[in-house]
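Each reported figure results from applying straightforward, stated rules to the coordinates on display, with no laboratory input. Quick caveat, the model's predicted, so the values are computed rather than measured. Here the Cβ positions follow ideal geometry from the backbone for every residue, glycine too, while neighbour counts run over all protein chains shown.
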Amino acid sequence: MEGAQSLEDAVTSDLEGRFAALWASLLPIGLAGTGEGYVRYAWTTADLDCREWFTEEALDRDLDVEVDGNGNIWATWLPDGVDAGSVDAGSVDPSSVDPSSVDPRRAAIVTGSHLDSVPHGGAFDGPLGVVSALLAIDELRARGAAIRKPIRIAVFTEEEGSRFGVACLGSRLLTGAITAEKALALTDRDGVTLADAMTRAGMETSAVGPDPDRVAGIEAFIELHIEQGRAMETPVGIASAIWPHGRWRIDFHGEGNHAGTTRMDDRHDPMLTFAYTVLAANKEARLSGAHATVGRVEATPNATNAIPSSVTAWLDARAADEPTLAKVVEAIGAKATDRAGRDGTSVRVSAESASAETIFEETLGNRLSAVLPAADILPTGAGHDAGVLAGHVPTAMLFVRNPTGVSHAPSEYAAPADCAAGVRALADVLQELAC
């Protein structure tokens, strides 16, 4: 028994070492500074460097790499006897493989995540799933696994929505959840459109939009991600659902004036209405067991000695079910409007994006549970590309334990041993599905 345990410890230690080495090669890219997190916005230099890093790692593993019309990167490990030309759209030539073992229309098992970040975000959100996918392929090869179906790693672009304001933009475009026209017209805070940003990065924008053939070539999608919260007891968990969530823009308008000469009774200050709305969002979310956050705000003219003429804020709201979410957002809007009437201001609430509740496919989830019987089963309040794809293909998520629960911040963390456990779990799942 001691000998077997020593062998297991050595294997675990080796995987931790391989994870640490690959992880270290990515860590410097986009680092804002010690303790300042990462700034990896879509189609910026840091993002392009991340994309180059992934491409090189994939090619080093003899994976076939391509970039789709939306900028998502796909790296494919093919079964023996299948050439790259037979799977351009994600399908396997049935004459090349035993037809009883492969559905030529939906043959690829896909895993992966994203490499972009929120402003000054942590290292793990997104990249953990990409690094783990590369190492899972290494692990399967080390096991001598003979895959019957292609295994693909997907790196989706602009998952966070930090630059152009729409989360999961790459997967939304892929599946047709957003039109090419609307997406290409999105602008960042400097007024640069997505079309311009992609063009500057050397991308042709004429192919932006739905890619039904590629989607049809996915038999299952498995996304590994760091846990965002602190609910797991075991190193690896399985997602049961994603809460419905969305982003709302709230515009407050009032009367700009001098901070030193305007009497308090004469003011029509939209900042007061905004402040009350933030407190109302907090209260309504707590009363309903939901989450509501105002994390971004812009004031005009944004001067210390001026009463603002307008304030624009963005509300992020999430709940365990759609009726609760709708109730919370409606209540926040009603309280903001009521307060505006008392402040002599006006308010307008408009939805920018909304994602319905995702219940992950039960049959696939049962297969994962059978492979990983010790894994925690839990829902998540965070949105992911997996949530977008779930409406089109069987989809599942694996989580790696987060001991602090911190996410979207520099102190986001997962222990090396848990990261290694995540790689091993992902490899186990891919082996179950592709071999």
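Under 13 Å Cα-Cα from LYS182, which aspartates and glutamates qualify once same-chain neighbours fewer than 8 residues away are excluded?
GLU352
Please give the peptides 280-290, 384-394, 259-269, 223-233 ranked by average Cβ packing (other Cβ atoms within 10 Å per residue), highest first, as a rough proxy for protection. Before the final figure, lay out the partial values.
Numbers: 280-290: 17.0, 384-394: 23.6, 259-269: 12.1, 223-233: 20.6.
Result, highest mean first: 384-394, 223-233, 280-290, 259-269.
Checking the a/c ratio against 1.5 first, then a/b against b/c, what shape does the Cα gyration tensor give for segment 358-413?
Judged from the Cα gyration tensor, segment 358-413 comes out oblate (a/c at least 1.5, b/c at or above a/b).
What is the ratio of the Cα radius of gyration of segment 245-355 to 2.2 N^0.38 Å, with N the residue count, to two decimals? All intermediate terms of the calculation are to be shown ahead of the outcome.
On the way: Rg = 14.5 Å, N = 111, 2.2 N^0.38 = 13.2 Å.
So segment 245-355 has a normalised radius of gyration of 1.10.
Dipole size in debye (nearest 20) for segment 245-355 around its Cα centre, Lys and Arg Cβ +1, Asp and Glu Cβ -1?
Around 180 debye, computed over segment 245-355.
Sum -39500 (n - 2.57) across every DSSP H segment of at least 4 residues in the chain, then divide by the residue count to get the 222 nm mean residue ellipticity, nearest 500.
Numbers: 12 runs with 157 residues, N = 435.
Value at 222 nm, helices only: -11500 deg cm²/dmol.
First check a/c for segment 92-250, with a ≥ b ≥ c the square roots of the eigenvalues of its C-alpha gyration tensor; if it is under 1.5, answer rounded, and if not, answer prolate when a/b is larger than b/c or oblate otherwise.
On the way: a/c = 2.06, a/b = 1.32, b/c = 1.56.
Oblate.
Identify, among PRO323, ASN257, SER353, the residue whose Cα sits farthest towards the positive end of the charge dipole of segment 245-355, taking +1 on the Cβ of Lys and Arg and -1 on the Cβ of Asp and Glu, with the dipole about the Cα centre.
PRO323
Let me spell out the model: positive unit charges on the Cβ of Lys and Arg, negative unit charges on the Cβ of Asp and Glu, origin at the Cα centre of the chain. What dipole size does that give, in debye rounded to 20?
Details: 34 positive and 63 negative charges, 285 e Å.
Charge dipole of the chain: 1360 debye, to the nearest 20.
Determine the sum of side-chain charges near VAL347: Lys and Arg each +1, Asp and Glu each -1, restricted to other residues whose C-beta is under 12 angstrom from that of VAL347. Walk me through the numbers before you get to the answer.
Values: positive: ARG249, LYS335, ARG339, ARG342, ARG348; negative: ASP251, ASP338, ASP343.
Taking every Cβ under 12 Å from that of VAL347, the sum is +2.
Around PRO301, with a cut-off of 15 angstrom between Cβ atoms, what is the net charge of the other residues, counting Lys and Arg +1 and Asp and Glu -1?
Details: positive: none; negative: GLU255, ASP269, GLU298.
Taking every other residue near PRO301 into account, the sum is -3.
Take every DSSP beta bridge with both residues inside the chain and express the antiparallel ones as a percent of the total, to the nearest 5. It would help to have the intermediate numbers written out before the result.
Values: 47 of 67 bridges.
Of those bridges, close to 70 percent are antiparallel.
Which order do the peptides 374-382, 325-333 come out in when sorted by mean C-beta neighbours inside 10 angstrom, highest first?
Details: 374-382: 17.1, 325-333: 19.3.
Highest mean packing first, the order is 325-333, 374-382.
Using a 10 Å cut-off on Cβ atoms, rank the peptides 55-64, 424-433 from the highest mean neighbour count down. Provide the component values of the computation, followed by the final result.
Details: 55-64: 15.4, 424-433: 22.2.
Ranking the peptides 55-64, 424-433 by packing returns 424-433, 55-64.
Starting from the Cα of LYS327, draw a straight line to each of the lysines and keep only those under 26 Å, dropping any in the same chain fewer than 8 residues away.
In chain and number order, the partners are LYS283, LYS335.
Please name which of PRO244, TRP23, VAL110 has its Cα lying farthest along the dipole of the chain towards the positive end, using unit charges on Cβ (Lys, Arg +1; Asp, Glu -1) and the Cα centre as origin.
It is PRO244.
When only Cα pairs under 8 Å and 6 or more residues apart are kept, what is the percent relative contact order across segment 140-230?
Values: 77 pairs, mean separation 18.2, N = 91.
Relative contact order comes out at 20 percent.
Report the net charge of residues surrounding ALA317, where surrounding means a beta-carbon distance below 14 angstrom and charges are Lys +1, Arg +1, Asp -1, Glu -1.
Taking every other residue near ALA317 into account, the sum is +1.
Along the charge dipole of the chain, pointing to its positive end and built from +1/-1 on Cβ of Lys, Arg, Asp and Glu, which listed residue (ALA285, HIS268, ALA154) has its Cα farthest out?
Going by the charge dipole, the pick is HIS268.
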